[in-house]
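Worksheet: the structure to be examined is printed underneath.
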Amino acid sequence: MIIIIDGRECSCERGEYLLQIAKRNGINIPSLCYHEGLGALGACRVCIVEVISKGKSTVVSSCIYPVESEIEVLTASETIKEQRGIIFALLARLAPDAKIIQQMASFAGVDIPRFSDKEGGSTCILCGRCTTACDLVGAGAIAKVNRGTTKDISTPYGQPSLECIGCAGCAHVCPTDSIAYTESETTVSIWERTFDLQRCACCGKPISTDELIAVTAQKDSADEPALCLECRKLAVADKLCQGFKL
């Protein structure tokens, strides 16, 4: 199937999300909450585009819009520029200390005010990337809490969560670097907990927390030694070579 994005013909499969089609064809649509490893969340609405189908125009979030028919797409029409500017302004109000919002707005040609009156400042846009990542690894240690203007991301009752495995996946996928963590040669500290790092059984390089390795061992063989990625590759290659020996 062929659709038109900003005057360019783009081939796609029925049901494929519009943002993915644009990215594959080198067409930039700004986005914050979308992450390839997590899928579409549709939370920030920065990726809005104008879809024209059968003469009717609709504004949609491209990350959650499945293409079902031949359409024309405008990623930077006057309507989109105006609405995206409002979205950036609202996000800047929600997270005044998130530099990426100011940078993305500037790149998109949108002039937004710099809010600084929010007590304590904030960088969290409540996109849900972190909670989704936490759920995917099976921890469920953090969630959205409270409502309205007090909504936040936190552990249960704001206390150190026993469910956290110290993987820091939540921090790694956060688009605004809102989740603080520290890592040394021996420990990782996040969400007010400190986790010991286990070392590679072969080279001695720190690889992961004991808690994360325990979760992984439930899926893999518990008898296998904990190895870093490089040593694991070497171990697999060695097994293959042993199998080819006569």
Report yes if some residue within the range 115-132 is loosely packed, with under 15 Cβ neighbours inside 10 Å, in the same structural domain as Asp210 (by TED's automatic domain parsing), touching a residue at least 12 places away in the same chain (Cβ under 8 Å) and of a type outside the set (A, V, I, L, M); otherwise report no. no
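With the requirement that a residue be in a loop (DSSP other than H, G, I, E, B), out of contact with any Cys (no Cβ under 7 Å at 6 or more places or on another chain) and either charged (D, E, K, R) or closer than 23 Å to Gln102 by Cβ (or both), what does the range 29-44 give you?
Answer for the range 29-44, where residues must be in a loop (DSSP other than H, G, I, E, B), out of contact with any Cys (no Cβ under 7 Å at 6 or more places or on another chain) and either charged (D, E, K, R) or closer than 23 Å to Gln102 by Cβ (or both): just Glu36.
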Going by what's in this entry, would Cys170 be described as outside any strand (DSSP E or B) and either acidic (Asp, Glu) or surrounded by 14 or more Cβ atoms within 10 Å (Cβ to Cβ) (or both)? yes
For the range 157-199, which positions are closer than 27 Å to Leu94 by Cβ, of a type in the set (S, T, N, Q) and out of contact with any strand residue (DSSP E or B) (no Cβ under 7 Å at 6 or more places or on another chain)? Gln159, Ser161, Thr176, Ser178
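Here is a yes/no grid of residues against (1) over 27 Å from Gly166 (Cα atoms); (2) in contact with a Gly (Cβ under 6 Å, 6 or more places away or on another chain); (3) touching a residue at least 12 places away in the same chain (Cβ under 8 Å):
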site	(1), (2), (3)
Val46	yes, no, yes
Glu82	yes, no, no
Asp97	no, yes, yes
Gln103	yes, no, no
Pairs under 7 Å by beta carbon, first residue over 17 Å from Val59 (Cα atoms) in the range 15-32, partner hydroxyl-bearing (Ser, Thr, Tyr), six or more apart or different chains? Ile27/Thr75
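Yes or no, residue by residue, for (1) more than 25 Å from Glu36 (Cα to Cα); (2) among the basic types (Lys, Arg); (3) under 24 Å from the mean Cα position of the chain (by Cα):
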position: Leu162; (1), (2), (3): yes, no, yes
position: Ala168; (1), (2), (3): no, no, yes
position: His172; (1), (2), (3): no, no, yes
position: Ile179; (1), (2), (3): no, no, yes
position: Glu192; (1), (2), (3): yes, no, yes
position: Gln198; (1), (2), (3): yes, no, no
position: Glu211; (1), (2), (3): yes, no, yes
position: Thr216; (1), (2), (3): no, no, yes
position: Val236; (1), (2), (3): yes, no, no
Hey, which of the strands (runs of 3 or more DSSP E) in the range 45-100, taking only ones fully inside, have at least 3 residues that are in contact with a helix residue (DSSP H, G or I) (Cβ under 8 Å, 6 or more places away or on another chain)? 48-53, 56-61
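The values are calculated or read from the model by the stated rules, or taken from the named source; none is laboratory data. Just so we're clear, the structure is a prediction, and the values are computed from it rather than from any experiment. Quick reminder, even Gly has a Cβ in these numbers, built from the backbone with ideal geometry, and neighbours come from all protein chains shown.
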